[in-house]
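To start, the structure itself, in structure tokens.
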Amino acid sequence: MELIKSLIRFPDLIQDIAENYQVHHLAEYVLAVANDFHRFYESQKIIQDDEELKSARLGLAKATYIIIKNCLDLMGISTPKKM
């Protein structure tokens with residue numbers, strides 16, 4: 001799954017940015033994560049009867065939220081509390 005692969009890259013990306021000062025990669029990364037999540041959300045039903053699958057997909061959505069929020073915080077962009 002592309003979303004999981006994107007999320008896993010976050011620590012390495014931050015390390016690379018810290019070493020090479022190419023901060024534009026953070027903006028490119030967060031856009032790619034948002035696009036990957038959009039595709040995931042369109043193709044997969046998150047809330048469903050299978051509790052184990054629902055829990056896993058909610059966990060993936062929460063992990064995506066955390067990564068996107070961390071990226072935006074690093075870029076100095078505030079995030080809304082509610083949508």
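Bear in mind these aren't lab numbers, they're just calculated from the coordinates by the rules spelled out. As the structure is a prediction and not an experimental result, all values here were calculated from the model. Virtual Cβ from ideal backbone geometry, glycine too; neighbours counted across all protein chains shown.
If the only charges are +1 at each Lys and Arg Cβ and -1 at each Asp and Glu Cβ, what is the size of the charge dipole of the chain around the Cα centre, to the nearest 20 debye?
340
Which label belongs to the value computed from this structure, given these candidates for Rg and Dmax of the Cα atoms in Å: (i) 11.6, 33; (ii) 14.0, 46; (iii) 12.3, 48?
(ii)
Compute the angle between helix 10-20 and the longest alpha-carbon principal axis of the chain, please, reported from 0 to 90 degrees and rounded to the nearest 10.
10
Using a simple spin-label model with points 7 Å from Cα along the Cα→Cβ vector, what separation in nm is obtained for GLU52 and LEU72?
If labels sit at GLU52 and LEU72, their model points lie 3.4 nm apart.
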